[in-house]
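Structure, as structure tokens:
The values are calculated or read from the model by the stated rules, or taken from the named source; none is laboratory data. All values reported here derive from a predicted model rather than from experimental measurement. Note that we place each Cβ from the backbone using ideal geometry, even for glycine, and neighbour counts take in every protein chain shown. Heads up: the accessible areas ignore ligands, DNA and RNA and are worked out on the full protein's heavy atoms, side chains in. Shrake-Rupley method; radii C 1.70, N 1.55, O 1.52, S 1.80 Å.
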Amino acid sequence: MGDIERVSSSFSSLKIIPIDNDDRFDNNQSEGRDSPSCMAAVDGGMEKKNMNIPEEEVESYLPITESRKGNAYTAAFHLLCSGIGTPALVLPFAFTSLGWSWGIIILTVVFAWRLYTMWLLVHLHESNSGTRYSRYLQLSIAAFGLKLGKCLAIFPIMYLSGGTCVMSIIAGGGTLQLFYNAICGNDHNCHHRSLSGVQWFLLFICLAILIAQFCPNLHSLSWVSFVGSVMGVAYLTLIWALSISKGRPNGVSYNPSDNATTTMARFRAILNGVAIIVIAFRGHNVVLEIQGTLPTNPKHPTRTSMWRGVVSSYSFIAMCIFPLAIGGYWSYGNLMPASGIMTAIAKYHQESTPKWLTGTIYIMVIIQSLCTFQIYAMPVFDNFERIYVSKQHKACPRWVKLCIKLFFGGLTYFISVAFPFLGSLAAFVGGIALPLSLVYPCFMWISIKKPSRNSLMYCLNMILGCLGMLISIVQVAGALWNLVVEKFDANFFSP
């Protein structure tokens with residue numbers, strides 16, 4: 001069977017409306033016109049008919065593909081907002097174990113590698129038959145088959161969507177508390193009236209769910225992504241510019257061996273530095289969903305406008321990431337704390353940094369975290385709504401959408417409160433999810449496009465795919481090793 005039928009069988013096993021081929025699609029349309037109702041009288045009673053509505057109609061009900069009015073600009077905003085964030089603030093610390101040369105080389109290679117796999121996904125979005133894979137799981141099943149495709153993709157997708165939302169709550173709620181403390185200054189009474197960490201997390205998730213009520217589909221998030229993009233670029237630029245302008249504190253060193261006393265400690269630090277760089281970039285798990293908001297026709301396929309959006313967004317990402325990593329390391333060297341450059345600024349320049357500037361950076365981080373939450377939550381909303389559509393054969397009413405968002409918000413809030421230390425596990429869990437960004441797109445291209453074994457594309461994708469799997473295994477092992485050596489302490493329910 002072809003790609004379309006493999007995707008159809010997969011979604012039927014998940015009790016999701018199957019994707020039919022063109023002939024069956026026409027038949028279903030005609031049957032739908034002839035049947036006035038989804039209920040038919042049988043022996044004097046009413047019995048439900050086992051009817052399947054066309055996949056195009058199902059897509060029009062779901063938040064990811066409900067509106068296909070996007071363009072290169074909206075795609076760029078979505079990609080930029082989802083591609084940058086607080087993980088980038090730890091990049092200068094990676095240089096403390098890698099040094100100048102290897103730090104810049106690895107950062108450049110990882111950036112180029114991710115840009116290349118993004119190009120692969122963009123060109124795999126539409127098949128030669130016209131089928132659009134607007135969700136990463138659909139493309140994975142089309143490339144690897146039902147069982148293997150689901151096995152490989154489900155956990156990374158769940159982690160990179162729900163996990164990023166949880167991390168947004170932790171980062172945003174924690175920054176809300178820092179912003180309050182910055183306003184209080186030296187007023188001890190003000191500090192005593194501060195909310196607890198649990199309450200700051202609750203305030204953040206309430207704001208996030210409130211924003212979600214005004215955005216019924218992914219395309220309607222364009223204005224949110226625009227705001228998040230502006231805030232992300234602004235605060236990352238402010239941070240590295242502020243670090244450079246303040247000058248270097250006394251005792252700065254750039255020798256990677258200064259922080260490691262033994263050979264094994266040095267090797268472990270190198271693995272940790274590579275892991276920090278690899279997980280600093282994100283967004284591959286939502287690129288197909290973003291491309292699904294673009295209109296298409298035979299003369300103007302979506303890959304043209306989508307790739308323009310990718311190039312634009314990654315240009316801004318490069319202008320933020322590289323100066324932040326290089327400038328941050330130049331400013332603090334081996335004095336850079338493991339928690340990142342914001343901690344370094346507070347530690348060495350707190351007295352000389354105006355409170356209004358510090359507060360402005362905190363507000364930007366909070367706003368960007370709220371916007372990022374919306375993008376990564378949308379695939380989860382889409383999955384829940386698909387379950388409803390498959391059973392009721394109609395679009396979700398507003399009250400159902402509200403319940404879905406409240407349920408997901410409550411779930412992510414509970415996880416963030418119960419496991420506030422998830423940021424410490426980012427390298428370990430991120431290594432497990434790493435193949436979704438660096439490995440699977442390469443093997444998907446080989447499986448779907450079927451290039452000749454002697455061709456450049458086959459050799460390149462095979463090499464990158466195997467190398468990516470090796471990096472993923474080494475990163476998971478190194479992160480686990482680091483957790484054991486550092487005697488990781490899990491502070492459950494203590495944000």
Largest-first ordering by accessible area, 1.4 Å probe, given options VAL476, VAL439:
VAL476, VAL439
Sort MET457, MET364 by heavy-atom solvent-accessible area, probe 1.4 angstrom, most to least.
MET457, MET364
Cα long-axis angle, helix 3-13 against the chain (0 to 90 degrees, to the nearest 10):
90 degrees
Compute the distribution of all C-alpha to C-alpha distances in region 73-415, in bins of 10 Å from 0, and list the percent of pairs in each, rounded to whole numbers.
5, 23, 31, 25, 12, 4, 0
Once phi is turned into θ = phi - 60°, what whole-Hz ³J(HN,Hα) does the Karplus curve with 6.51, -1.76 and 1.60 give for every residue of region 436-442, x standing for Gly and Pro?
4, 8, 9, 10, 4, x, 5
Relative contact order for the chain, counting Cα pairs under 8 Å that sit 6 or more residues apart, in percent
29 percent
Give me the percent of the accessible area of the chain that comes from carbon and sulfur atoms, probe 1.4 Å, all protein chains in place.
64 percent
Note down, for region 263-343, the three equivalent ellipsoid semi-axes (square root of 5 times each alpha carbon gyration tensor eigenvalue), biggest first, whole angstrom.
37, 15, 9
Karplus 3J(HN,Hα) series, Hz, for region 407-416 with 6.51 cos²θ - 1.76 cosθ + 1.60 (x for Gly, Pro):
5, 5, x, x, 5, 5, 5, 4, 5, 5
Among LYS347/LYS487; LYS246/LYS355; LYS150/LYS450; LYS246/LYS487, which pairs are too far apart, with a Cα-Cα distance over 23 Å?
LYS347/LYS487; LYS246/LYS487
Two pseudo-spin positions, 7 Å from Cα along C-beta at SER257 and at SER455, lie apart in nanometres by 4.9 nm
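Are there chymotrypsin sites (Phe, Trp or Tyr not before Pro) in region 163-243 that DSSP puts in a loop and that have at most 14 other Cβ atoms within 10 Å, and which ones?
PHE214
Extension gain ALA346-CYS151, at 0.36 nm per residue separation less the Cα-Cα distance, in nm?
Extra length available between ALA346 and CYS151 comes to 65.8 nm.
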Can you work out the Karplus-derived ³J(HN,Hα) for every residue in region 312-322? Use 6.51 cos²θ - 1.76 cosθ + 1.60 with θ = phi - 60°, whole Hz, and x for glycine or proline.
5, 5, 6, 5, 5, 4, 5, 5, 9, 5, 5
Given R₀ = 25 Å, what would the calculated FRET efficiency be for SER60 paired with HIS300, taking r from the Cβ atoms and rounding to 0.05?
0.80
Once all protein chains are kept in place, HIS284 shows an accessible area at probe 1.4 Å, nearest 10 Å², of 0 Å²
Using alpha-carbon coordinates, inclination of helix 197-212 to the longest axis of the chain, degrees:
40 degrees
Evaluate the distance, in nm, between pseudo-label points positioned 7 Å from the Cα of PHE492 and of SER101 along their respective Cα→Cβ axes.
4.8 nm
Taking 0.36 nm per residue of separation between ILE363 and HIS192 and subtracting their Cα-Cα distance, the length gained on full extension comes to 59.4 nm
Counting only heavy atoms of the protein chains, get the accessible area per residue of region 73-415 (1.4 Å probe) and round it to a whole Å² value.
41 Å²
Efficiency of FRET between ILE432 and VAL311 - r from beta-carbon atoms, R0 30 angstrom, step 0.05
0.50
Determine which lysines satisfy two conditions relative to LYS299: a Cα distance under 18 Å, and not lying fewer than 8 residues away in the same chain.
LYS69
What is the extension gain from ARG248 to CYS466, computed as 0.36 nm multiplied by their sequence separation minus the C-alpha to C-alpha distance, in nm to one decimal?
74.4 nm
